[in-house]
Every structure is written in C-alpha cells, then in structure tokens.
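Student: I have a structure I would like to understand better, so I am pasting it below and will then ask my questions one at a time.
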Amino acid sequence: MDERQTPFDAAIWAVVNAIPRGQVMAYGEVARAAGFPRHARMVSKAMSRSPEPLPWHRVVRADRSLAFEVGSDAFDTQRQRLADEGVTMLNGKVIAERPTDDLDALIWGPE
DNA sequence: CCCTTGACTATCT
DNA sequence: GAGATAGCCAAGG
C-alpha cells in the first residue's frame with residue numbers, strides 16, 4: 001500500500017468519527033477540534049483521502065448549509081443520510097444539534 | 001517560484 | 001438576510 005496518512009489526516013478522521021449520530025459539526029470546528037485551526041478547507045481533502053468510510057455527511061458549513069451544490073449527487077446523498085439519522089433541512093439549512101463539550105473529552109481524552 | 005483551486009469562514013455592504 | 005470581499009492554507013500545475 002502506499003497511502004501515507006499525515007498526522008493531520010488521522011486527527012481529522014478521528015474527530016469526524018467521533019461526531020455523534022444525528023449531530024453535525026462545521027468544517028472549521030472539526031479542524032479546530034483536531035488541533036489545526038484555520039484548516040477548514042483541508043478537512044474536505046482529509047476526508048476524501050480516508051481509506052475507510054467516514055460519516056462525512058455530519059460535516060456541514062459554518063452556517064449549517066451543505067457544502068455541495070444544490071441538486072448534485074453529493075448534496076442529495078448527504079441530505080438523505082442525514083435524514084436517515086433524523087436530521088432534516090429547512091430553507092437549505094440543516095436542523096441538528098451541535099456536539100456538546102463532551103465531544104472534546106471524547107477526542108482529547110477524559111483528561 | 002508564481003498562480004490557481006477548493007466539500008471554508010468572518011466581515012462588510 | 002443575501003451577495004460581495006478578503007483572509008486563510010495546503011496541494012498541484
């Protein structure tokens with residue numbers, strides 16, 4: 001194999017995997033939680049590079065809209081997957097709760 | 001090395 | 001509150 005995952009990738013994957021079902025996080029929040037503030041744009045790349053499926057549909061924009069073009073396959077897929085988790089959308093924006101501070105403990109450890 | 005691109009965000013109008 | 005602008009940062013041509 002040939003994938004070299006950077007510490008960045010691993011951190012991002014860990015955070016995304018830690019997002020509870022039915023909840024969403026913004027790209028910037030994921031980056032920050034992973035320890036890489038201002039790397040919101042890199043989060044998408046890291047997720048694309050993931051060797052195994054990731055709950056990427058739980059990652060949305062800061063304003064709670066989806067990052068894909070409306071009508072695109074990716075957009076529809078994300079909306080459908082969210083719907084399966086009980087998350088619906090209103091006026092183009094996701095209606096879901098944000099992970100509480102418990103997520104930080106989950107990622108950074110009980111410490 | 002310069003320039004463009006991108007699953008972003010904060011700020012201003 | 002929607003559109004425009006600037007900032008941000010890594011990757012690729």
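Student: For residues in the range A:55-81 being in a helix (DSSP H, G or I) and under 21 Å from A:A14 (Cβ atoms), which is nearest to DNA strand B (Cβ to nearest atom)? So that I can check it myself, show each step before the final result.
Tutor: First pass over the range A:55-81, keeping only residues in a helix (DSSP H, G or I): A:56-58, A:73-81.
With the extra rule that they be under 21 Å from A:A14 (Cβ atoms), the set shrinks to A:56-58, A:78, A:81.
Working: A:W56: 4, A:H57: 7, A:R58: 9, A:Q78: 7, A:R81: 11 Å.
Restricting to residues being in a helix (DSSP H, G or I) and under 21 Å from A:A14 (Cβ atoms), the top hit is A:W56.
Student: Then there is this: Suppose the filter is surrounded by fewer than 20 Cβ atoms within 10 Å (Cβ to Cβ), without any contact (Cβ under 8 Å) to a residue 24 or more places away in the chain and of a type outside the set (A, V, I, L, M, F, W, C); does A:D63 pass it?
Tutor: no
Student: Right, something else. Within 11 Å of DNA strand C (Cβ to nearest atom), outside any helix (DSSP H, G or I) and either small (G, A, S) or modelled with pLDDT of 95 or more (or both): does that describe A:R38?
Tutor: Details: within 11 Å of DNA strand C (Cβ to nearest atom): yes; outside any helix (DSSP H, G or I): yes; either small (G, A, S) or modelled with pLDDT of 95 or more (or both): yes.
Here the answer is yes, as A:R38 does meet what is asked.
Student: Which of (1) within 10 Å of DNA strand B (Cβ to nearest atom); (2) more than 10 Å from the chain's Cα centre (by Cα); (3) closer than 23 Å to A:A11 by Cα does A:F36 not meet, given it meets every other one?
Tutor: Unmet for A:F36, out of (1) within 10 Å of DNA strand B (Cβ to nearest atom); (2) more than 10 Å from the chain's Cα centre (by Cα); (3) closer than 23 Å to A:A11 by Cα: (1).
Student: Looking only at residues that are touching a residue at least 60 places away in the same chain (Cβ under 8 Å) and not aliphatic (A, V, I, L, M) in the range A:14-35, which one is nearest to DNA strand C (Cβ to nearest atom)?
Tutor: Among residues in the range A:14-35 that are touching a residue at least 60 places away in the same chain (Cβ under 8 Å) and not aliphatic (A, V, I, L, M), the one nearest to DNA strand C (Cβ to nearest atom) is A:E29.
Student: Still on this structure, I have one more. Considering A:M47, A:M89, which residue is within 14 Å of DNA strand C (Cβ to nearest atom) and not in a helix (DSSP H, G or I)? Lay out the reasoning, then the answer.
Tutor: Details: A:M47 fails: not in a helix (DSSP H, G or I).
Exactly one of A:M47, A:M89 is within 14 Å of DNA strand C (Cβ to nearest atom) and not in a helix (DSSP H, G or I), namely A:M89.
Student: If you check A:E52 against the conditions, is it outside any helix (DSSP H, G or I), away from DNA strand C (no atom under 16 Å from the Cβ), among the charged types (D, E, K, R) and out of contact with any Leu (no Cβ under 6 Å at 6 or more places or on another chain)? Show your work before the answer.
Tutor: Details: outside any helix (DSSP H, G or I): yes; away from DNA strand C (no atom under 16 Å from the Cβ): yes; among the charged types (D, E, K, R): yes; out of contact with any Leu (no Cβ under 6 Å at 6 or more places or on another chain): yes.
Here the answer is yes, as A:E52 does meet what is asked.
Student: Please go through (1) within 14 Å of the chain's Cα centre (by Cα); (2) within 16 Å of DNA strand C (Cβ to nearest atom) for A:A96 and return the number of the only condition it doesn't satisfy.
Tutor: Condition not satisfied by A:A96: (2).
Student: Mind counting the residues in the range A:55-69 that are at pLDDT 95 or above and away from DNA strand C (no atom under 13 Å from the Cβ)? It would help to see each step written out before you state the result.
Tutor: From the range A:55-69, those at pLDDT 95 or above are A:55-68; that's our starting set.
Still in the list and also away from DNA strand C (no atom under 13 Å from the Cβ): A:55-60, A:66-68.
The qualifying residues number 9.
The values are calculated or read from the model by the stated rules, or taken from the named source; none is laboratory data. Everything quoted here is computed from the prediction, not taken from an experiment. Cβ: placed from backbone, ideal geometry, glycine included. Neighbour counts: every protein chain shown.
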